[in-house]
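Structure first, then comments.
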Amino acid sequence: MHVSEVKPLAEAIRAEVARAIIGQAETFDLMLTALFCGGHLLLEGPPGTAKTLLAQSLAASLSLDFKRIQFTPDLLPGDIIGTNLFNFQTSTFSVSRGPIFCELLLADEINRTPPKTQAALLEAMQERQVTLDGKTHRLSDRFMVIATENPIEQQGTYPLPEAQLDRFLFKHVLSYPSEADERAIVTATGPTVRMPDPSSLGIRQVLDRESLSAAIGAVSEVKLADSIVNYVVSIVRATRESAEVSHGASPRSAAMLAAASRARAALDGRDYVIPDDVKALALPALRHRIVLSPAAEIDGRKVDEVVRATIERIEAPR
């Protein structure tokens with residue numbers, strides 16, 4: 001598949017998901033970008049903003065194997081990965097696979113569970129494999145985590161470890177819908193308060209597995225000029241040099257931002273990355289990798305403000 005064919009497919013996926021979702025176009029575009037470059041997505045926002053329905057609708061439109069885990073304070077790593085069970089009849093152990101064995105995993109309210117259980121996802125997110133009693137089990141090549149979290153200020157939340165945050169390609173902060181969108185949501189809800197199932201809303205499969213693999217493979221055709229590489233590296237390195245930042249973005253984040261920019265270009269039908277691709281993705285790619293200095297926190301500075309200022313300070317190539 002040529003990269004120019006990716007844009008019509010992406011538009012078809014968006015149109016199908018729009019049957020179930022009103023608004024949230026930016027959120028869904030980040031989901032698609034993450035999917036097309038093999039990344040994971042962290043969504044932060046208040047309840048009731050369609051985070052779960054978005055993930056379900058994406059899976060339904062692409063016929064991906066979808067699983068959901070509700071993270072709670074008493075959740076154990078084995079509840080995610082699975083365990084070895086002893087069969088007394090055959091005197092052998094057999095693997096009982098956990099919900100992580102899927103293609104699209106929704107980790108709902110991931111910061112409601114302690115760090116030990118959160119860390120059960122680390123190996124899976126980075127290497128697409130899990131280890132059970134010393135034996136490695138491969139996950140799907142399409143394995144993707146969409147995690148949701150409550151704002152950290154809410155009671156009963158545990159901060160995600162920095163090592164795990166760094167595995168997420170994007171962190172997107174959702175806001176409440178506009179007044180017009182909220183009216184449309186109320187009108188479309190109808191007489192029931194139950195959350196609709198994507199199939200009941202008419203969402204159909206847009207791409208088969210072969211077409212999806214070909215579309216994702218087309219991202220490799222996208223060219224990344226040296227000037228764009230320098231632009232990405234300059235932005236990431238500038239986060240480490242800011243006096244307002246205690247810990248800047250990692251080298252992994254630079255590689256991820258470059259890969260995501262190529263995916264965004266492909267979704268836009270281009271076989272080359274432009275500075276606007278990098279600029280559009282830099283904030284969601286970096287905001288969860290920045291730790292502000294104590295002085296900046298005392299001054300009331302926000303991570304997003306610092307990241308935006310850093311991006312604007314770096315001159316884009318022409």
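Quick check on Ala258: is it at pLDDT 90 or above, within 22 Å of the chain's Cα centre (by Cα) and buried (at least 21 other Cβ atoms within 10 Å of the Cβ)?
On the way: at pLDDT 90 or above: yes; within 22 Å of the chain's Cα centre (by Cα): yes; buried (at least 21 other Cβ atoms within 10 Å of the Cβ): yes.
Against the criterion (at pLDDT 90 or above, within 22 Å of the chain's Cα centre (by Cα) and buried (at least 21 other Cβ atoms within 10 Å of the Cβ)), Ala258 qualifies.
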_Residue that is surrounded by the most Cβ atoms within 10 Å (Cβ to Cβ) [pool: residues in the range 83-116 that are over 15 Å from Phe66 (Cβ atoms) and among the aromatic types (Phe, Trp, Tyr)]_ = Phe93
*Quick one: count up the residues across the range 28-57 that are touching a strand residue (DSSP E or B) at 6+ places or on another chain (Cβ under 7 Å), part of a helix (DSSP H, G or I) and of a type outside the set (Ser, Thr, Tyr).*
7
*In the range 54-69, which residue that is over 17 Å from Asn150 (Cβ atoms), of a type in the set (A, V, I, L, M, F, W, C) and out of contact with any helix residue (DSSP H, G or I) (no Cβ under 7 Å at 6 or more places or on another chain) is most open to solvent (accessible area, probe 1.4 Å)?*
Leu64
*asked:* Which condition from (1) farther than 27 Å from Ala280 by Cβ; (2) open to solvent by less than 10 Å² (accessible area, probe 1.4 Å); (3) not acidic (Asp, Glu) is the one that Leu42 breaks?
replied: (1)
*What is the residue count in the range 279-295 for residues that are in contact with a helix residue (DSSP H, G or I) (Cβ under 7 Å, 6 or more places away or on another chain), more than 19 Å from Lys7 (Cβ to Cβ) and in a helix (DSSP H, G or I)?*
9
*Out of the range 10-37, which residues are surrounded by fewer than 18 Cβ atoms within 10 Å (Cβ to Cβ) and more than 23 Å from Ser175 (Cα to Cα)?*
Glu11, Ala12
*Can you tell me which residue in the range 296-308 is farthest from Ser246 (Cα to Cα), limited to those that are open to solvent by 30 Å² or more (accessible area, probe 1.4 Å), part of a helix (DSSP H, G or I) and not acidic (Asp, Glu)?*
Arg308
_Selection status of Gln118, on the phi < 0 side of the Ramachandran plot and assigned to a helix (DSSP H, G or I)_ = yes
*asked:* Just to be sure I understand, how many residues within the range 151-162 are open to solvent by 50 Å² or more (accessible area, probe 1.4 Å) and either in contact with a strand residue (DSSP E or B) (Cβ under 8 Å, 6 or more places away or on another chain) or in a helix (DSSP H, G or I) (or both)?
replied: 1
*asked:* Return the residues of the range 194-213 that are modelled with pLDDT under 75, in a helix (DSSP H, G or I) and either among the polar types (S, T, N, Q) or open to solvent by 50 Å² or more (accessible area, probe 1.4 Å) (or both); say none if nothing qualifies.
replied: Ser199, Ser200, Leu201
*Given the structure, is Arg264 surrounded by 14 or more Cβ atoms within 10 Å (Cβ to Cβ), within 26 Å of Ser63 (Cα to Cα) and in contact (Cβ under 8 Å) with a residue 12 or more places away in the chain?*
yes
*For the range 1-27, enumerate the residues that are touching a Phe, Trp or Tyr at 6+ places or on another chain (Cβ under 9 Å) and either part of a helix (DSSP H, G or I) or within 16 Å of Val219 (Cβ to Cβ) (or both).*
Val6, Ala10, Ile13, Arg14, Val17
_Residue match in the range 101-113 (condition: modelled with pLDDT under 90 and out of contact with any Phe, Trp or Tyr (no Cβ under 9 Å at 6 or more places or on another chain))_ = no
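Just checking, how many residues over the range 214-253 are of a type outside the set (Val, Ile, Thr), assigned to a helix (DSSP H, G or I) and open to solvent by less than 60 Å² (accessible area, probe 1.4 Å)?
9
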*Just checking, which of Thr136, Thr148, Thr131 is at pLDDT 80 or above, exposed (fewer than 13 other Cβ atoms within 10 Å of the Cβ), touching a helix residue (DSSP H, G or I) at 6+ places or on another chain (Cβ under 7 Å) and outside any loop (DSSP other than H, G, I, E, B)?*
Thr131
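The values are calculated or read from the model by the stated rules, or taken from the named source; none is laboratory data. On a predicted model such as this, the values are computed, not experimentally measured, just so you know. Using ideal geometry, Cβ is built from the backbone for each residue, glycine included, and neighbour counts are taken over all protein chains shown. These accessible areas exclude ligands, DNA and RNA; they are computed on the full protein's heavy atoms, side chains included. Shrake-Rupley method; radii C 1.70, N 1.55, O 1.52, S 1.80 Å.
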